[in-house]
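Remarks on the structure that follows.
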Amino acid sequence: MYKIGTFAKMSGVTVKTLRHYDELGLLKPARVDKESGYRFYTAEQLLTIRRISGFKEQGLTLEMMRPLLSGPVSLALAERTLLSKRKELEQQIQEAQRQLAEINERIVKIERHAAEGAAEGGISLRSVEPVLVASIRGILPQTQLCLILDELKQYVRSQGEKSDLNLTIIWHRRADRVEEPSDIEVAIPVSKEIPESGRVKVHQLSGIKEAAFYTHKCDPYKDNCKASEVVRLWIAEEGYGLCEEIPVREVYLTPDKEIYGQLRMAEVIVPIDRA
């Protein structure tokens, strides 16, 4: 017989591992000295170590391999154990493939956003088409904007709609400071009419005949974004007027899960009046 230290060296596992196997009932010592508490193992028990190692290579947990190590074991039990492990591995592979596909998609989008970032800061004139949206409107400080955004996204998802596409902020009235209440509406495009709730309204967001578009990066929850001021100054310099009847909009071009850092790509839309 061999003391636990010697047997550990022979088997290629640690003393701590052997003690753990003993506690789990996977590999009990052949003899334990009652006076000293020393554990002793036989050379034949090396086979059990090798079997445990082989089961580990198949991905079996210690709990799964316990019934396969001692006593009479039917081939049916062994087959059920391996089939269960195979199913688990297949599910892990499917999940890994899904994650890989999403990562590849994110990489493509990052490269596209990097190309778009090169053109960041340019202002263009375009029209805006009407779109069906679900929205929440409220009088609240800008610091609470994220709360109604999250509320709307959760509701839209609960109705089977995507919640990360062109999320729009409509500034019906914007306070001078983030702590002061503003009249804010948040809107998400939907593919069809969905039920309304007490807070969520579904309606056609009107189009805009002509507006100045300005793509930029910003933290929408802080009062340091000067995009609207930049566009208003450009409009004045170009000799256009502001269309005061239609509120300024801000569209988030970067979905939440694709934000790396604090800033996201956004597009401010300021309606103009050529007259």
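The values are calculated or read from the model by the stated rules, or taken from the named source; none is laboratory data. These numbers were taken from a predicted model, which means no experiment stands behind them. Cβ atoms come from the backbone with ideal geometry, glycine included; neighbour counts cover every protein chain shown.
Observations on the model:
- Segment 171-216, subset among the basic types (Lys, Arg) and either farther than 18 Å from Tyr155 by Cβ or outside any strand (DSSP E or B) (or both), residue modelled with the lowest pLDDT: Arg177
- You will find that of Ser197, Ser182, the residue that is surrounded by 14 or more Cβ atoms within 10 Å (Cβ to Cβ) and either out of contact with any Lys or Arg (no Cβ under 8 Å at 6 or more places or on another chain) or farther than 23 Å from Met265 by Cβ (or both) is Ser197 and no other.
- Close contacts from segment 83-110, counting a first residue that is touching a residue at least 40 places away in the same chain (Cβ under 8 Å) and surrounded by 10 or more Cβ atoms within 10 Å (Cβ to Cβ) and a second that is of a type in the set (Lys, Arg) and part of a helix (DSSP H, G or I), with Cβ to Cβ under 9 Å and a gap of 6+ residues or different chains, come to Arg106/Lys257.
- Cβ separations smaller than 6 Å between residues 6+ apart or across chains give the following pairs from segment 175-188 residues that are under 15 Å from Ser228 (Cβ atoms) to residues that are in a loop (DSSP other than H, G, I, E, B) and acidic (Asp, Glu): Val178/Asp223.
- In segment 39-81, the residues that are without any contact (Cβ under 8 Å) to a residue 40 or more places away in the chain, aromatic (Phe, Trp, Tyr) and touching a helix residue (DSSP H, G or I) at 6+ places or on another chain (Cβ under 7 Å): Phe55
- Every test in (1) of a type in the set (Val, Ile, Thr); (2) surrounded by 15 or more Cβ atoms within 10 Å (Cβ to Cβ); (3) free of Cβ contacts under 8 Å to residues at least 24 places away in the same chain; (4) more than 30 Å from Leu89 (Cα to Cα) is passed by Val32 save one, and that test is (2).
- Residues of segment 47-82 classified as farther than 18 Å from His20 by Cα and surrounded by 13 or more Cβ atoms within 10 Å (Cβ to Cβ), total: 4
- Looking at Glu258, Glu238, Glu244, just one residue is among the charged types (D, E, K, R), assigned by TED's automatic domain parsing to the domain that holds Arg173 and within 30 Å of the chain's Cα centre (by Cα), and that residue is Glu258.
- Leading residue by the ranking (farthest from Ile103 (Cα to Cα)) among those in segment 252-271 that are of a type in the set (Val, Ile, Thr) and crowded, with 19+ Cβ neighbours inside 10 Å: Val270
- Subset of segment 174-228 [in contact with an Asp or Glu (Cβ under 6 Å, 6 or more places away or on another chain) and within 25 Å of Glu161 (Cα to Cα)]: Val190, Val202, Gly207
- Qualifying residues in segment 154-172 (those that are in contact with a strand residue (DSSP E or B) (Cβ under 7 Å, 6 or more places away or on another chain) and in contact (Cβ under 8 Å) with a residue 60 or more places away in the chain) - the one surrounded by the most Cβ atoms within 10 Å (Cβ to Cβ): Leu167
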